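The next block holds one structure in the form of structure tokens; read it before the comments.
The values are calculated or read from the model by the stated rules, or taken from the named source; none is laboratory data. In this text, all values refer to a predicted model and were calculated from it rather than measured experimentally. Positions of Cβ are backbone-derived with ideal geometry, glycine not excepted, and every protein chain shown enters the neighbour counts.
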Amino acid sequence: MPKSISGTRHKMDVLIIGSGAAGMTLALNLPDTSNIAMLCKQDPNDGSTYYAQGGMAAVLDEYDSTDSHIEDTLKAGAGLCHRDVVKHVVEQSPDIIDWLVTMGASFDRRVSSSGRSEFHLTQEGGHSHRRVIHAKDATGREISHRLGTALSKQSNCKIYTQHIAIDVLTSDTLGGASKHCIGAYALNLETGKVDLFQADCVVLATGGASKVYLYTSNPDTASGDGIAMAWRAGCRVANLEFNQFHPTCLYHPTARSFLISEALRGEGARLRLPDGTLFMHNFHAEAEMAPRDIVARAIDHEMKRVGCDFVLLDISHKPATFIRKHFPNIYNKCLEFGIDINEDPIPIVPAAHYTCGGVITDINGRTDIKGLYAVGETSFTGLHGANRMASNSLLECMVFARSAAADIAAQTTPSINTSSIPSWDESQVTASQEDVILSHNWEELRRLMWDYVGIVRSNRRLQRAKRRIHLLQQEISDYYGHFSVNSDLIELRNLTQVAELIVNSALARHESRGLHFNQDYPHLAPDSEDTILEPLNYQCDQ
Ligand code: FAD
Ligand code: SIN
């Protein structure tokens, strides 16, 4: 029997992997009696939530309506949104905003024509009304701060920073007949040991997978870990071909992944070629306010046609006081790079931004495995269809986190003997002396995804990507079998898995719809369905 070298064994009722809007909302909505552990890779603000700029879509204006928000979402989703889910989410939007306000969230306000103080609502692509509530241009920072403060007062939730979950565990691996999620292994970056977190229920709130692309608006944590862990455990995934590319990320040699919010276009910013020519009117009647897939594709098309490295986003015609009041974060960040947005247009490029597909869940966040939930960007709920409408995702995180919390609270404790869960075994591996393999493969994977599986695809490029990914998977699997785990290896293993799922989903769709554009199938198919992938270990009655 090999000697096991392992870290600490922890036991709790609910293990939440991820501390973004989804994870924190879930923890705040569980009963005080639940003993909760929350893991995050670095610190509680390391996910996309903290960086959200534009805001949250919610029906708050007296001239707006739930029906209109539903119809706009369905239209942006290009025929693949699940209407019942859209309705469920949109109907809860005012209530979610009330909840955030009771948590202390402070959103921008304005004085109405009748002298009343009301929320200032901004506009973004695809929305037919001003509907986006925001805290200047740093809404995610405000939400993270308020949820984090509330959570820090909750003594039943312990946050484990610097912990990276490696895989979830299911009871069938212990020889049991039923398949129930019973915990997860996680690498403690401070000790370098792998800890066991044993739990009655595990929630994946791990965010998206946009780091699979070379250029992304996302922070480093977005490596698709939840999707890869769920797939390996036996969960189905859906619609992973729909990667949203945000049209406007700052183009600057040293500005890493800085987003220029769509709210700038909502407030009148125009897109121009480097010579100043406007072009969006050639692509859509709504010009700059067209849905994101259309704007990103138009920019990509113009960059290739003209042969330029970036296009320009220009808001300099607006008064300087207006710009500084509404967009202080973007104004200051651009100034750091020598761009005064009061005077100069901003060089921008599209970058990977949001993972519309993910782990299939029901309306309560339940996955295919009992006791395993997925909420937030890692999940596929049916809300976004083939293209997420701007500012609908923070809302989705919170609506589903609340439903999942209620569902978890109503569960009875499973009667599974978990004392035999083995600790992590490192006796057969050694510390790697060849990290160059990892760094090379990171670069290769992200570049090939950008070049072959980006905004515009073709069958030939997708097949090429598939072959390369297969080779990378073999190398990484070999590496994983021989060397101790570290954060780069864990993330690369997951990203390669997600890349394979994205390519297989893209190959399965024989049409162009929403965010997925394939030159070999440039038209919409008359009937379309979600792309559902099943792992080999999927059991439909599990
Ligand atoms: P995240 O907030 O990404 O959190 C993921 C968490 O999981 C992190 O704590 C991470 O450490 C943890 N994690 C991941 N893997 C592991 C692992 N293996 N082990 C342990 N922990 C793990 N949406 C809107 O609706 N409105 C906006 O204005 C908006 N603006 C955006 C601007 C930017 C720049 C970006 C990047 C996104 C924006 N989005 C916006 C999208 C939105 O922010 C995200 O979809 C949403 O915040 C995702 O929340 P989440 O809780 O699912 O994940
Ligand atoms: C933005 O502010 O442009 C991002 C909004 C979103 O991704 O929903």
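Do we find a residue being closer than 20 Å to Met24 by Cα, within 16 Å of ligand 2 (Cβ to nearest atom), touching a residue at least 40 places away in the same chain (Cβ under 8 Å) and buried (at least 24 other Cβ atoms within 10 Å of the Cβ) anywhere in segment 235-256?
No.
Show the residue pairs meeting these rules: Cβ distance below 6 Å; 6+ apart or different chains; first residue within segment 195-210 and of a type in the set (A, V, I, L, M, F, W, C); second residue part of a loop (DSSP other than H, G, I, E, B) and surrounded by 24 or more Cβ atoms within 10 Å (Cβ to Cβ).
Filtered contacts from segment 195-210: Cys201/Gly371; Ala205/Gly18; Ala205/Val375; Ala209/Gly224.
I'd like to check something: does segment 40-63 contain any residue that is within 16 Å of ligand 1 (Cβ to nearest atom), assigned to a strand (DSSP E or B), surrounded by 15 or more Cβ atoms within 10 Å (Cβ to Cβ) and modelled with pLDDT of 95 or more? Don't jump to the end; show me each part of the working.
Going through segment 40-63, the residues within 16 Å of ligand 1 (Cβ to nearest atom) turn out to be 40-60.
Checking the rest, the ones that are also assigned to a strand (DSSP E or B) come to 56-57.
Subsequent filtering for residues that are surrounded by 15 or more Cβ atoms within 10 Å (Cβ to Cβ) retains 56-57.
This time we only want the ones that are modelled with pLDDT of 95 or more, so: 56-57.
For segment 40-63, residues within 16 Å of ligand 1 (Cβ to nearest atom), assigned to a strand (DSSP E or B), surrounded by 15 or more Cβ atoms within 10 Å (Cβ to Cβ) and modelled with pLDDT of 95 or more: present.
In segment 389-438, which residue that is farther than 27 Å from Ser144 by Cα and not in a loop (DSSP other than H, G, I, E, B) is nearest to ligand 2 (Cβ to nearest atom)?
Of everything passing the filter in segment 389-438, Leu438 is nearest to ligand 2 (Cβ to nearest atom).
Considering only residues that are assigned to a helix (DSSP H, G or I) and either within 9 Å of ligand 1 (Cβ to nearest atom) or not small (Gly, Ala, Ser) (or both), which ones fall in segment 133-154? Steps first, please.
Step one: of segment 133-154, the residues assigned to a helix (DSSP H, G or I) are 139-152.
Once the filter is applied, which keeps residues that are assigned to a helix (DSSP H, G or I) and either within 9 Å of ligand 1 (Cβ to nearest atom) or not small (Gly, Ala, Ser) (or both), segment 133-154 yields Thr139, Gly140, Arg141, Glu142, Ile143, Ser144, His145, Arg146, Leu147, Thr149, Leu151.
Could you check how many residues of segment 230-280 are of a type in the set (D, E, K, R), within 15 Å of ligand 1 (Cβ to nearest atom) and under 30 Å from His129 (Cβ atoms)? Full working, then the answer.
Restricting attention to segment 230-280, the residues satisfying the condition of being of a type in the set (D, E, K, R) are 232, 236, 241, 256, 262, 265, 267, 270, 272, 275.
With the extra rule that they be within 15 Å of ligand 1 (Cβ to nearest atom), the set shrinks to 232, 256, 262, 265, 267.
Filter once more, so that each one left must be under 30 Å from His129 (Cβ atoms): 262, 265, 267.
Qualifying residue count, segment 230-280: 3.
Taking segment 326-383 on its own, how many of its residues are of a type in the set (D, E, K, R), within 22 Å of Arg141 (Cβ to Cβ) and without any contact (Cβ under 8 Å) to a residue 40 or more places away in the chain?
Matching residues across segment 326-383 total 1.
Tally up the residues in segment 257-275 that are near ligand 2 (Cβ under 8 Å from one of its atoms) and assigned to a loop (DSSP other than H, G, I, E, B), please.
Number satisfying all stated conditions: 3.
Please pick out the residue among Leu100, Leu147, Leu151 that is buried (at least 17 other Cβ atoms within 10 Å of the Cβ) and touching a Cys at 6+ places or on another chain (Cβ under 8 Å).
Working: Leu100 fails: touching a Cys at 6+ places or on another chain (Cβ under 8 Å); Leu147 fails: touching a Cys at 6+ places or on another chain (Cβ under 8 Å).
The conditions single out Leu151.
Restricting attention to segment 207-229, report how many residues are assigned to a helix (DSSP H, G or I), touching a Lys or Arg at 6+ places or on another chain (Cβ under 8 Å) and within 12 Å of ligand 1 (Cβ to nearest atom).
So the count comes out to 2.
Of the residues in segment 306-321, how many are without any contact (Cβ under 8 Å) to a residue 12 or more places away in the chain and either within 24 Å of Asp108 (Cα to Cα) or hydrophobic (A, V, I, L, M, F, W, C) (or both)?
Here the count works out to 2.
Is there a residue in segment 85-101 that is part of a loop (DSSP other than H, G, I, E, B), within 16 Å of ligand 2 (Cβ to nearest atom) and within 20 Å of the chain's Cα centre (by Cα)?
No - not one qualifying residue is present in segment 85-101.
Of all residues in segment 1-39 being at pLDDT below 95 and in contact with a Lys or Arg (Cβ under 7 Å, 6 or more places away or on another chain), which is farthest from Val203 (Cα to Cα)?
Ser6
Taking Glu396 as the residue in question, decide whether it is within 30 Å of Glu91 (Cα to Cα), crowded, with 16+ Cβ neighbours inside 10 Å and of a type in the set (D, E, K, R).
It is true that Glu396 is within 30 Å of Glu91 (Cα to Cα), crowded, with 16+ Cβ neighbours inside 10 Å and of a type in the set (D, E, K, R).
Quick one: which residue in Ser528, Ser505, Ser458 is of a type in the set (Ser, Thr, Tyr), within 16 Å of Gly357 (Cβ to Cβ) and at pLDDT 95 or above?
Ser505
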